[in-house]
Amino acid sequence: MSQVLRLRKPEGGWLGVAVPAAVILFLALLPFLPGLGSNRYLLALLIGAFVFAVFAMSFDVLLGYTGIVSFGHALFFGTGTYAAILLAKYMGAGFWTALAVAPVVAAVLALIVGSLSLRVKGVYFAMVSMAFAEFFRVVAEKASSITGGSDGLAVQVAPDWAYGPRHRVELYFLTLALAVVTYLVLRRVLASPFGRTLVAIRENEQRAAALGYNVFAFKLGSLVLAGMVASLAGVMYAATENFVVPSVVGVDTTIQVLLMSIIGGVGTLGGPALGAGIIRLAGTLLSSYTERWRLALGALYALLVLFLPSGLAGLARAVGRRLEARRVRTGEGGVVAGGTARAG
């Protein structure tokens, strides 16, 4: 049993801590750099990247750590978005209330959806999850008297202090803080015995079941955790856009986050977050230079998948292992050289 829990320990050594810390520090200092703090366009791009980084990390809990492929994960993202918008519209509830309520709603929904759909595996689960998401998309579209239908619904969700003269900077730090907290919490949870068991199920589900683990219960727990985190991303999205349409629950949203996870590197948390930033930034920047930006973005996807099958995080891990191996060889060489000199 202990062998199962030790599968696929976190890699990277000191780089696994130093690199995320350096990235977080750089992002925290970025608005204070000359010219960047007043660049509303860049801040808006990064705010969107932080929102989808949280969404991508939630999807990685399923795909990267549990081995579940879902085409309906946008259901939980949309749950958070609609919960925030509807609470603000009809109850006058603020951002923090939505941030507390949305994960509870998403958890209940994930329990219902998971209990019904996790009985099947692989592509069958992917299709069933997509069917649930499409069902709720149609409901959101048809209930136009409440949700605004295809025209959408607009209302302020973010805290009032985030609408001051420097509101982009305030929103920047709010979304960055939530993304960092989400990353740290998920990293701790997935390093726990619960997370190790999810990895064991991904590696060999039959073996995990033979050792006495309730595979279905752990998969359901993974879906609930991923759904709750995705709903937090949905609330953040509502706070930054102050608008929602039914397409936010659609399969296109899930495909987008699937690409983010694959390009960044599944099973790493930081990789999908990086993939979210690259896709959001690349798509916006390419659209500024060419009308055929979708073609260019597709070519970028293809090149990254072909030449970096383990994603950008896999490339970083490979570099880290080489640096660590070189450091060990250099250290051993120093010891041998020192011992030879003393012997002489």
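The values are calculated or read from the model by the stated rules, or taken from the named source; none is laboratory data. Note that the coordinates shown come from a computational prediction; the quantities given were computed from them, not determined experimentally. We place every Cβ from the backbone using ideal geometry, glycine too, and count neighbours over all the protein chains shown.
Key figures for this structure:
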| item | result |
| --- | --- |
| Test: Thr254 is more than 27 Å from Gly149 (Cβ to Cβ), among the polar types (S, T, N, Q) and either in a loop (DSSP other than H, G, I, E, B) or touching a residue at least 60 places away in the same chain (Cβ under 8 Å) (or both) | no |
| Identity of the residue in the stretch 155-186, under 20 Å from Ala28 (Cα atoms) and charged (D, E, K, R), that ends up modelled with the lowest pLDDT | Arg166 |
| Test for Arg188: is it of a type in the set (D, E, K, R), under 30 Å from Leu43 (Cβ atoms) and assigned to a helix (DSSP H, G or I) | yes |
| Single residue of Ala140, Ala158 found to be over 30 Å from Pro20 (Cα atoms) and aliphatic (A, V, I, L, M) | Ala140 |
| The stretch 260-276 residues that are closer than 12 Å to Tyr301 by Cα, paired with ones that are of a type in the set (S, T, N, Q) and not in a loop (DSSP other than H, G, I, E, B) (beta carbon under 7 Å, 6 or more apart) | Gly275/Ser261 |
| Qualifying position, being more than 26 Å from Val189 (Cβ to Cβ) and more than 22 Å from the chain's Cα centre (by Cα), among Leu281, Leu286 | Leu286 |
| Answer residue from the stretch 192-219, given it is farther than 10 Å from Thr66 by Cα, part of a helix (DSSP H, G or I) and in contact (Cβ under 8 Å) with a residue 60 or more places away in the chain and is nearest to the chain's Cα centre (by Cα) among those | Pro193 |
| Selection from the stretch 108-127 of residues that are in a helix (DSSP H, G or I) and in contact (Cβ under 8 Å) with a residue 40 or more places away in the chain | Leu109, Ala110, Leu111, Val113, Gly114, Ser115, Gly122, Val123, Phe125, Ala126, Met127 |
| The listed residue being in contact (Cβ under 8 Å) with a residue 40 or more places away in the chain and β-branched (Val, Ile, Thr), out of Val189, Val157 | Val157 |
| First in the stretch 18-35 and in contact (Cβ under 8 Å) with a residue 24 or more places away in the chain, second anywhere and exposed (fewer than 10 other Cβ atoms within 10 Å of the Cβ) and of a type in the set (A, V, I, L, M, F, W, C), Cβ under 9 Å, 6 or more apart | none |
| Boolean, Val51 is modelled with pLDDT of 85 or more, surrounded by 15 or more Cβ atoms within 10 Å (Cβ to Cβ) and closer than 29 Å to Gly152 by Cβ | yes |
| Boolean, Leu315 is at pLDDT 80 or above, out of contact with any Phe, Trp or Tyr (no Cβ under 9 Å at 6 or more places or on another chain) and surrounded by 11 or more Cβ atoms within 10 Å (Cβ to Cβ) | no |
